[in-house]
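> This is the structure, below, for whatever I ask next.
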Amino acid sequence: MAKQIDLDFRCISIDVEEYFQIETVYDVIGPDRWDEWPSRVVEQVDVLLELFDGYGQKGTFFILGSVAQKHGGMVRRISDAGHEIASHGTMHDRLHRLGRRGFMEDLLRSKQILEDLCGEEVVGYRAPTFSIMRETAWAIDVLCECGFRYDSSIFPVVHNRYGVPSAPADPYFVVGECGGELLEVPPLTWRVGKRKLAVAGGGYFRMLPLWLMKLGLKQASKEGRPGVLYFHPWEFDADIPRMPLGFLSRLRTYMGLSRSVGKLDQIAGSGGVWCPIRNRLEGLMAGADGRERFVLCEAD
Ligand SMILES: [Zn+2]
């Protein structure tokens with residue numbers, strides 16, 4: 001029988017990257033053109049740090065190594081404010097593009113950059129565009145080999161670019177292609193019947209009514225599951241430059257930006273205990289230990 005462990009907490013996680021590094025614009029603005037766009041991440045992160053401070057809460061910041069390298073002071077400010085520093089890789093490449101060896105290089109580089117800046121071991125990882133899926137199950141083995149203690153990249157939903165719909169909504173141990181086992185702390189979903197709906201953040205947060213996220217959080221709390229939410233610094237900046245995008249991508253990227261701060265205020269005001277994932281690792285592992293292992297390369 002699973003042990004009774006209190007995992008009723010919320011984590012606001014932030015994937016720290018520039019607005020022009022998102023997957024939607026990868027074909028239009030690749031890494032070779034990043035320098036052509038004005039950087040805004042430092043100011044955006046300062047806005048978030050102020051919000052967190054006002055809420056009296058701490059979160060987990062999954063930071064892109066290439067951004068950390070350019071803005072070391074920003075990383076130190078996040079760390080000094082008591083938030084968890086975790087890795088979002090170095091170059092924001094989907095794992096499918098990197099392959100196993102490329103992923104290991106990208107991952108280790110980000111870990112080194114972040115640890116040099118914050119002086120603490122980096123133990124958490126989130127893949128760009130949630131790209132740990134059945135076909136990239138080797139990533140779990142690589143994360144274990146590189147000393148990571150948890151991952152938060154397997155989104156148990158249906159989506160055209162990511163998702164493992166059959167993956168659990170509760171934290172669990174995921175098994176990689178070569179048998180590596182790692183704690184997986186999935187983003188929040190709201191279960192309706194047999195389906196799990198994405199309500200954890202990003203475009204869902206900006207475009208959908210907030211009561212969906214609140215219902216997801218309420219359900220998770222009732223069932224003793226952590227409510228892991230995710231946001232990007234650029235989502236709180238209504239003035240990000242307009243990029244050359246098609247109609248749908250433009251909608252996905254720019255919709256709801258001006259309402260984000262107010263919505264986050266409402267979420268923060270809706271109670272619950274908030275903390276970085278790293279602070280709850282022991283409880284998360286003990287809880288996951290009582291559940292069946294999830295073999296990623298055999299997932300539906
Ligand atoms: Zn990202």
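What follows is calculated from the coordinates using simple rules that are stated; it is not laboratory data. None of the values given here were measured: they were computed from a predicted structure. When we count neighbours, we look across all protein chains shown, and the Cβ atoms used for this are built from the backbone with ideal geometry, even at glycine.
> Compute the distance from the alpha-carbon center of segment 120-159 to that of segment 18-87, in whole Å.
19
> At 7 Å along Cα-to-Cβ for each site, give me the label-to-label distance between Tyr55 and Glu43 in nm.
Using points 7 Å along Cα→Cβ, the separation is 2.3 nm.
> On to the next question. Rounded if a/c is under 1.5, else prolate if a/b beats b/c, else oblate: with a ≥ b ≥ c from the C-alpha gyration tensor eigenvalues square-rooted, which is the chain? All intermediate terms of the calculation are to be shown ahead of the outcome.
Details: a/c = 1.32, a/b = 1.15, b/c = 1.14.
Since a/c stays below 1.5, the shape of the chain is classed as rounded.
> What is the fewest-to-most order of Thr24, Thr129 by other Cβ atoms lying within 10 Å of their Cβ? Intermediate results must be reported in sequence, preceding the final value.
On the way: Thr24 18, Thr129 21.
Least crowded to most crowded, the residues run Thr24, Thr129.
> Once every DSSP H run of n ≥ 4 in the chain is given -39500 (n - 2.57) and the sum is divided by its residues, what mean residue ellipticity at 222 nm do you get, rounded to the nearest 500 deg cm²/dmol? Working shown, then result.
Numbers: 10 runs with 107 residues, N = 300.
Counting only the DSSP helices, I get -10500 deg cm²/dmol.
> Between Gly193, Val174, His88, whose Cα lies farthest towards the positive end of the dipole of the chain when Lys and Arg beta carbons carry +1 and Asp and Glu beta carbons carry -1, centred on the Cα centre?
Gly193
> Taking every DSSP beta bridge with both residues inside the chain, roughly what % is antiparallel (nearest 5)? Mind showing how you got there, number by number?
Numbers: 8 of 30 bridges.
Around 25 percent of the beta bridges assigned by DSSP in the chain are antiparallel ones.
> Return Glu184, Glu17, Glu23 ranked ascending by Cβ neighbour count within 10 Å, so the fewest neighbours appear first.
Taking fewest neighbouring Cβ atoms as first place, the list is Glu23, Glu17, Glu184.
> Relative contact order for the chain using alpha-carbon pairs under 8 Å, separation at least 6, rounded to a whole percent? Don't skip to the end; give the middle numbers.
Values: 583 pairs, mean separation 77.8, N = 300.
Computed value for the chain: 26 percent relative contact order.
> For the chain, how many pairs of lysine residues have a Cα-Cα distance under 29 Å, where the two are 8 or more positions apart or belong to different chains?
26
> Mean Kyte-Doolittle hydropathy of -0.5 or higher plus an axial Cα length of 15 Å or more: which whole DSSP H helices in the chain meet both? Kindly include the intermediate steps, with their values, before the conclusion.
Values: long enough: 41-55 (21 Å, 0.79); 95-118 (29 Å, -0.40); 210-222 (18 Å, 0.12).
Helices meeting the span and hydropathy rule in the chain are 41-55, 95-118, 210-222.
> If you don't mind, there's one more thing I want to ask. So for the pair Val295, Ser166, with labels modelled 7 Å out along Cα→Cβ, what separation do we get in nm?
So the two model labels end up 1.1 nm from each other.
> When Asp289, Asp239, Asp93 are ordered from fewest to most other Cβ atoms inside 10 Å of their Cβ, what list results? Please list the in-between numbers first.
Details: Asp289 14, Asp239 9, Asp93 20.
Ascending number of Cβ neighbours within 10 Å: Asp239, Asp289, Asp93.
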